[in-house]
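Structure first, commentary second.
The values are calculated or read from the model by the stated rules, or taken from the named source; none is laboratory data. Just so it is clear, the model here is predicted, and its values are computed rather than measured. Using ideal geometry, Cβ is built from the backbone for each residue, glycine included, and neighbour counts are taken over all protein chains shown. Heads up: the accessible areas ignore ligands, DNA and RNA and are worked out on the full protein's heavy atoms, side chains in. Shrake-Rupley method; radii C 1.70, N 1.55, O 1.52, S 1.80 Å.
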Amino acid sequence: MSRWLASWNCPIPIESVTRRIEMLQDRAMLQEALLYVIVDRSTEQTMGSICIQRGDLPGRGELSYWLGERYQGRGYAREAVSTMLPLATKHLNLPLIEAGAQIENANSFAVMVRCGMVPGGERLVYAPTRARNELCRFYEWVPST
């Protein structure tokens, strides 16, 4: 698991993974989220996941993604995010999508910038895995019209 994950404990029981996937699938059925597994095309090996779901604020989506550590730094996250942003805009009718990461997570910020996201500010976010608030930087994506 990645040291940056804020909401997944390691090791994570299969029941917890199943519940989370089922919850996101339910949201997808209600057109509240898009959830995909990131798979290596040549090996069909699961590498990670990506999700955009409606946020707490109207018209705002929340992007989250994760790649296994051995797949990081190879452009997979950038490909998944750049594909997902316009898809979620169209299917979820979201005029703004944001993603955030802990201040030290330079690799995630590089992905966000490469995908056309712009700085959206900083705020404290509760990280259940560490039972504390952590300062996170957010980036935003607004589709071009």
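Which residues, counting only those in region 46-81, are of a type in the set (A, V, I, L, M, F, W, C) and touching a Gly at 6+ places or on another chain (Cβ under 8 Å)? Matches in region 46-81: M47, I52, W66, L67, A77, A80.
Among the residues of region 34-86, those that are among the small types (G, A, S) and either within 21 Å of Y139 (Cβ to Cβ) or outside any loop (DSSP other than H, G, I, E, B) (or both) comprise G48, S49, G55, G59, G61, S64, G73, G75, A77, A80, S82. Can you name the residue in region 40-71 that is surrounded by 15 or more Cβ atoms within 10 Å (Cβ to Cβ) and of a type in the set (A, V, I, L, M) and is also nearest to A99 (Cα to Cα) among such residues? Only one residue tops the list, namely L63.
Q31 meets each of the listed conditions (1) polar (S, T, N, Q); (2) at pLDDT 95 or above; (3) at positive phi apart from (2).
Applying the condition of being among the aromatic types (F, W, Y) and more than 12 Å from the chain's Cα centre (by Cα) to region 62-108 and asking which residue is nearest to I52 (Cα to Cα) yields Y76.
Let's see how each residue does on (1) among the aromatic types (F, W, Y); (2) over 21 Å from E134 (Cβ atoms); (3) touching a helix residue (DSSP H, G or I) at 6+ places or on another chain (Cβ under 7 Å):
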{"site": "I14", "(1), (2), (3)": "no, yes, no"}
{"site": "T18", "(1), (2), (3)": "no, yes, no"}
{"site": "I21", "(1), (2), (3)": "no, yes, no"}
{"site": "Q25", "(1), (2), (3)": "no, yes, no"}
{"site": "L34", "(1), (2), (3)": "no, yes, yes"}
{"site": "Q53", "(1), (2), (3)": "no, no, yes"}
{"site": "Y71", "(1), (2), (3)": "yes, yes, no"}
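If only residues of region 72-94 that are without any contact (Cβ under 8 Å) to a residue 24 or more places away in the chain and within 21 Å of F109 (Cα to Cα) are counted, the one that is least open to solvent (accessible area, probe 1.4 Å) is G75.
The number of residues in region 101-143 being in contact with a Ser or Thr (Cβ under 8 Å, 6 or more places away or on another chain) and surrounded by 13 or more Cβ atoms within 10 Å (Cβ to Cβ) comes to 7.
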